[in-house]
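One structure is given below, encoded as structure tokens.
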Amino acid sequence: MRQDTQVAIVTGGARGIGRAISLRLAREGAAVCVNYAARADAANAVAAEIATAGGRAIVAEADVADADVVSRMVARAEAELGPVTILVNNAGVGSGGAGSLDTFDPAQMARMRAVNADGVIHTVRAVAPGMRARGHGRIVNIAS
């Protein structure tokens with residue numbers, strides 16, 4: 001199904017599953033905001049691939065753990081691409097093989113919680129009011 005009137009934000013959209021989702025949404029006609037936190041090169045490559053195929057994409061560096069940064073990302077996506085109709089929460093950080101819970105670094109645990117849980121809340125809160133007002137929107141949360 002073509003998504004020509006859709007605008008998507010894909011958090012963690014530069015690599016792995018997020019990259020695949022960004023590219024698929026673009027192939028289906030959606031304009032895509034490719035979010036990243038650490039790999040600008042990967043995000044730019046995804047946006048370039050979308051543009052080469054005739055799609056529209058922007059790249060947005062934003063730490064989803066920061067609600068203010070997320071709000072600015074959403075505002076920019078809407079200013080440049082249009083109202084956000086699809087949110088894919090894919091950003092996530094893992095333990096990096098840190099071991100068992102009894103030896104886990106508390107700072108690393110806090111970072112995981114901030115990105116993997118709070119990040120979802122921040123992005124949903126940033127897009128849901130607009131989706132609700134327009135009577136349309138889709139939110140997909142990915143976790144592992």
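The values are calculated or read from the model by the stated rules, or taken from the named source; none is laboratory data. All values reported here derive from a predicted model rather than from experimental measurement. Every residue, glycine among them, receives a Cβ derived from its backbone with ideal geometry; neighbour counts consider all protein chains shown.
Return the total of residues in the stretch 100-126 being farther than 30 Å from residue 137 by Cα, assigned to a helix (DSSP H, G or I) and of a type in the set (Gly, Ala, Ser). Summing the residues that are farther than 30 Å from residue 137 by Cα, assigned to a helix (DSSP H, G or I) and of a type in the set (Gly, Ala, Ser) in the stretch 100-126 gives 2.
Of all residues in the stretch 118-144, those satisfying the criterion of being modelled with pLDDT of 85 or more and within 14 Å of residue 12 (Cβ to Cβ) are 119, 120, 122, 123, 140, 141, 142, 143. Taking residue 56, is it basic (Lys, Arg), in contact (Cβ under 8 Å) with a residue 12 or more places away in the chain and either on the phi > 0 side of the Ramachandran plot or touching a strand residue (DSSP E or B) at 6+ places or on another chain (Cβ under 6 Å) (or both)? So residue 56 fits the description; yes. Output the residue which, of all residues in the stretch 127-143 that are within 16 Å of the chain's Cα centre (by Cα) and outside any helix (DSSP H, G or I), is farthest from residue 90 (Cα to Cα). Restricting to residues being within 16 Å of the chain's Cα centre (by Cα) and outside any helix (DSSP H, G or I), the top hit is 137. Residue pairs whose Cβ atoms lie under 7 Å apart, separated by 6 or more positions or on different chains, with the first residue in the stretch 106-117 and over 20 Å from residue 67 (Cβ atoms) and the second among the hydrophobic types (A, V, I, L, M, F, W, C) and surrounded by 13 or more Cβ atoms within 10 Å (Cβ to Cβ), are 108/98.
Tell me, please, whether a residue that is over 25 Å from residue 144 (Cα atoms), hydroxyl-bearing (Ser, Thr, Tyr) and exposed (fewer than 13 other Cβ atoms within 10 Å of the Cβ) can be found in the stretch 4-12. Yes.
If you go through the stretch 1-43 and keep only what is in contact with an Asp or Glu (Cβ under 7 Å, 6 or more places away or on another chain) and closer than 18 Å to residue 81 by Cα, you end up with 2, 3, 23, 29, 36. Taking residues in the stretch 19-33 that are in contact (Cβ under 8 Å) with a residue 12 or more places away in the chain and of a type in the set (Ser, Thr, Tyr), and partners anywhere that are surrounded by 20 or more Cβ atoms within 10 Å (Cβ to Cβ) and assigned to a helix (DSSP H, G or I), the pairs with Cβ atoms closer than 8 Å and at least 6 places apart or on different chains are 22/46; 22/50.
One line per residue, one yes/no per condition, for (1) exposed (fewer than 14 other Cβ atoms within 10 Å of the Cβ); (2) under 19 Å from residue 144 (Cα atoms); (3) charged (D, E, K, R):
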position: 52; (1), (2), (3): yes, no, no
position: 66; (1), (2), (3): no, no, yes
position: 78; (1), (2), (3): no, no, yes
position: 82; (1), (2), (3): yes, no, no
position: 90; (1), (2), (3): no, yes, no
position: 100; (1), (2), (3): yes, yes, no
position: 109; (1), (2), (3): yes, yes, no
position: 114; (1), (2), (3): no, yes, no
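Of the candidates 71, 22, the single residue that is closer than 16 Å to residue 125 by Cβ, hydroxyl-bearing (Ser, Thr, Tyr) and touching a helix residue (DSSP H, G or I) at 6+ places or on another chain (Cβ under 8 Å) is 71.
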